[in-house]
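Just below is one structure, and these are the notes that go with it.
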Amino acid sequence: MELWIVRHGPAEEPDARRWPRDDDRPLTAAGADLIGRVAPALALAIGGPRSLAVSPALRARATAALLAPAFSPPAAIETWAELAPGATAPPLFARLARGAAAEGPLPVLVGHAPTVNELVGLAVAGVPLERVRIPRGGACRLAFSGPLRSRSATVAGPWAPEEILKGRAHGDGR
């Protein structure tokens, strides 16, 4: 069983005057362009069809909106509160574990640091620590041996957007 994790693309810097709610910060124009270029290569590496589970924050939703059409057929997008900025990894892992019993692949997660990085730590080492740092617009893949449980995953990546564009997110992840 595989779980792909994508960190949202480069976003505007926090500015309380422009975005009183941090959740409303958008991707930068360069960030949107980057995700648009990375999306086909990432969708190819992930395979399909897949659904996307995404943070309610605008920058993550915009990342998912650019990634979804790269899948064939286009990926469905579902907002998960467990991926919101400031969320912790254990409730996210619990939701994934509950859904892992269902038929079909796990959704591709689109979220924020430190939550997505802590999720990797929980899956691999059993502790929600940032063992891996996924760069903005980057991704990693967790492979679970058997049921989705803490300490049962191996990680491939993380890959920066530039590495994804070069096809390094394929195969063994090197």
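Bear in mind that the values in this text are calculations on the coordinates, not laboratory data. Predicted model, so just to flag it, every value in this text is computed and none were measured. As a convention, Cβ positions derive from the backbone with ideal geometry for all residues, glycine included, and neighbour counts pool all protein chains shown.
Is it possible to state the helix-based mean residue ellipticity at 222 nm for the chain, with each DSSP H run of 4+ residues giving -39500 (n - 2.57), the sum divided by total residues, to the nearest 500 deg cm²/dmol? What is it?
Theoretical 222 nm ellipticity from helices: -10000 deg cm²/dmol.
Looking at the range 87-171, which trypsin sites (Lys or Arg not before Pro) are in a loop (DSSP not H, G, I, E or B) and have at most 16 other Cβ atoms within 10 Å?
Here the trypsin sites (Lys or Arg not before Pro) that fit, given the DSSP loop and packing criteria, are R131, R133, R149, R151, K166.
Round to the nearest 0.05 the FRET efficiency obtained for A94 and H170 when R0 = 35 Å and r is the Cβ-Cβ distance.
0.70
Report the charge-dipole magnitude of the chain in Debye, nearest 20, computed about the Cα centre from +1 at each Lys and Arg Cβ and -1 at each Asp and Glu Cβ.
In total the dipole reaches around 220 debye.
By counting other Cβ atoms within 10 Å of each Cβ, how are H112, H170, H8 ranked from fewest to most?
Ascending Cβ contact count within 10 Å gives the list H170, H112, H8.
Give the separation of the Cα centroids, the range 103-174 to the range 1-51, in Å.
15 Å
Multiplying the sequence separation of D15 and T28 by 0.36 nm and subtracting their Cα-Cα distance, what value in nm do you get?
Contour length minus Cα-Cα distance gives 3.4 nm.
Tell me, what HN-Hα J-couplings in whole Hz come from the Karplus equation 6.51 cos²θ - 1.76 cosθ + 1.60 at θ = phi - 60° for each residue of the range 154-166, using x for Gly and Pro?
Here the 3J(HN,Hα) series is 10, 10, 10, x, x, 10, 6, x, 4, 6, 4, 4, 8 Hz.
At q = 0.11 Å⁻¹, work out log10 I(q)/I(0) for the range 30-95 with the Debye formula, treating every Cα as an identical point scatterer and leaving solvent out; two decimals please.
-0.27
Neighbour counts of other C-beta atoms within 10 Å: give me E118, E13, E163 arranged from fewest to most.
E13, E163, E118
Just grab the label-to-label distance for R149 and S72, each label 7 Å out from Cα along the Cβ direction, in nm (one decimal).
3.9 nm
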